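Structure, as structure tokens:
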Amino acid sequence: MTLKRAFALLVLGLFVYLGLYTWNERTGSLNSLAENTGLEIVGAILLPAEWVTSGISDTWSRYVDLVNVREERDILAERLENATAAINSLHEDRHELLRLRELMHFSEPKDWTAIGARVIGTRIGPQAALNSVILNKGFSDGALPGTPVVTRLGVVGQVLRSNPNFSTVLLVNDPSCRIAVISQETRFPGIIGGQGLGKPPMVYYVPPNAQVKIGEFLITSGLDGLFPKGIPVAWVEDARPSDTSPFQTVTAWPLASLSGLEEVLLLQPAAGRKENPFNRFVDDLPLLPEATPQSLTPALPLSSATHPAGGAPQAGPSPEQGE
Amino acid sequence: MRLARNIAWWLCFFLAGVYAQSILSGIDFLLIGVIIALQERRPVQLAWVILAAILLQEGVGTLPFGSALLFYVFAIIVFYGGRALFEAENFFFIFLVSALLGLLHFIFTFAIADLHSLHTDITRLGVESVIQALLIPPLWRLAYFLRGKEKENENRA
């Protein structure tokens, strides 16, 4: 092959590539083709391996590794009792809130349903440049792009791409992920965005006069139109005035442990449903006649497990938790 | 029979490649298959292997379509360009191809992400590109050896 011919081939190939690229930009056809074939095949390959590994680890932890189970059971029973008592004490507040809402003509927050999904893989291949995980639920199960993904501790991220049976989730610590948040106590608004592995996400556009408290929780504000309001996202690690920007520099660690994720929940708006299943669960809990102020003093499991001021043995998330 | 054995070999290769990629994030193990297919000079087999690798990588990735296609096309160019200068078995040839492919991995991933205003972790991408370049020679040798064993069995049959 002469040099001239090779050059002509290269130019032709470049034109074909640019044509394909722009056509895909306009139609998204090649993206859909890759999602519906590549992701489907890889998901089908990874699923049996995930079954085997989770089966082995379940068998080990349930039937073999039973050291300290009795002590752990006693501790959990005590914590359950305390949590039930705490919930019972909040019953009256909740009913009062409902009455006041009705009185003030506040609209009811939209109900959401949660669908469980299993993580079958993390970043796979060179094209997985963003921090992500692969779930065993696709758009046929409701995992549409933009669907919020959470664990019981807090927000994990949102669905980025999906095919009928599998989906890819963009994690909250990725620099491309943005979620509208508000602080739980001082109520300052902001937008949280990741900074990469091992670094705490940044909270952008925090006003300079906002009284940011170190250690307070950030919850979803619902202003992005994707996440329901009130889901815990992160805790504030540091806040200081910026030299270059009119906003404060605020960093916060995610509450959900993003390394070693196994199961997550996909949140979907429950159209036409009046009752939230979580509320029913709270209402169904039996009232404890022996509930005393002393039994209510231990912090909620969520805060004790992850909050730096919780005073629990695992005092606050380590830098690895953001990974 | 030979066709069935060949298909089975490639299926096993892709299965192993996907599992390896799920263990070592950000590394392209299917590239070794493309290199093996290039060495064997069977156009139909090469086309299938490249198509399967592109669809798998693009499908499971988080970037918009384009970088895997560009990467494999340039892998072919680098391979043929290198072979025009060196023997295919030459250590320098293998080293040069590996280094260039590691560099291309960094450039194309960064370029496609930047085109779509996606923020990538440059340090991590750099580390992965270096690992990619370092892993190609031993994996290439291993796959070449296994493929050779399979070929021997084919000839005996």
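When peptides A:246-256, A:139-149 are sorted by average Cβ neighbour count within 10 Å, with the highest value leading, the order is A:246-256, A:139-149.
Residues whose amide H lies under 5 Å from that of residue A:121, counting only those 5 or more places away or on a different chain, are A:134; hydrogens are built 1.01 Å from N in the peptide plane. For region A:3-64, the Stokes-Einstein estimate of translational diffusion at 20 °C and a viscosity of 1.002 mPa s comes to 138 µm²/s, using the Kirkwood hydrodynamic radius over alpha-carbon pairs.
Packing, as the average of other Cβ atoms within 10 Å across residues, places the peptides A:33-42, B:43-52, B:102-111 in the order A:33-42, B:102-111, B:43-52, highest first. Per residue, the average separation of C-alpha pairs within less than 8 Å and at least 6 apart gives region A:179-252 a relative contact order of 31 percent. Computing FRET efficiency as 1/(1 + (r/R0)^6) for residue A:99 and residue A:74, where r is the C-beta to C-beta distance and R0 is 51 Å, gives about 0.85. In order along region A:187-194, phi translates into HN-Hα couplings of 6, 8, x, x, 10, 8, x, x Hz, rounded to whole numbers, per the Karplus curve 6.51 cos²θ - 1.76 cosθ + 1.60 with θ = phi - 60° and x for Gly and Pro. Sorting the segments A:119-127, B:65-73 by their mean number of nearby beta carbons within 10 angstrom, highest to lowest, gives A:119-127, B:65-73.
Region B:82-129 and region B:9-42 have Cα centres spaced 16 Å apart.
Computed from phi, the 3J(HN,Hα) profile of region A:166-176 under the Karplus parametrisation 6.51, -1.76, 1.60 (θ = phi - 60°) reads 9, 8, 10, 10, 7, 7, 5, 8, 7, x, 8 Hz, with x in place of Gly and Pro. Note on B:25-31: average number of Cβ atoms from other chains within 10 Å of each residue's Cβ is 4. Per the Debye formula on identical point scatterers at the alpha carbon atoms of the protein assembly as shown, with no solvent, log10 I(q)/I(0) at q = 0.08, 0.11 Å⁻¹ is -0.60, -1.01. I'd like the orientation of helix B:67-85 relative to chain B: the angle between its Cα long axis and the longest Cα principal axis, in ° from 0 to 90, rounded to 10. Helix B:67-85 and the main axis of chain B meet at about 60 degrees.
The mean number of Cβ atoms from other chains found within 10 Å of a Cβ in peptide B:11-20 is 2, as a whole number. Residues in region A:68-84 carry Karplus couplings, in order, of 6, 5, 5, 4, 5, 4, 4, 5, 5, 4, 5, 5, 5, 4, 5, 5, 4 Hz; the curve used is 6.51 cos²θ - 1.76 cosθ + 1.60 with θ = phi - 60°, and Gly or Pro positions show x.
Taken together, the values in this text are just the output of simple stated rules run on the coordinates, not laboratory data. Given the structure is predicted, the values throughout are model-derived calculations rather than measurements. Backbone-built Cβ (ideal geometry, glycine too); neighbour counts: all protein chains shown.
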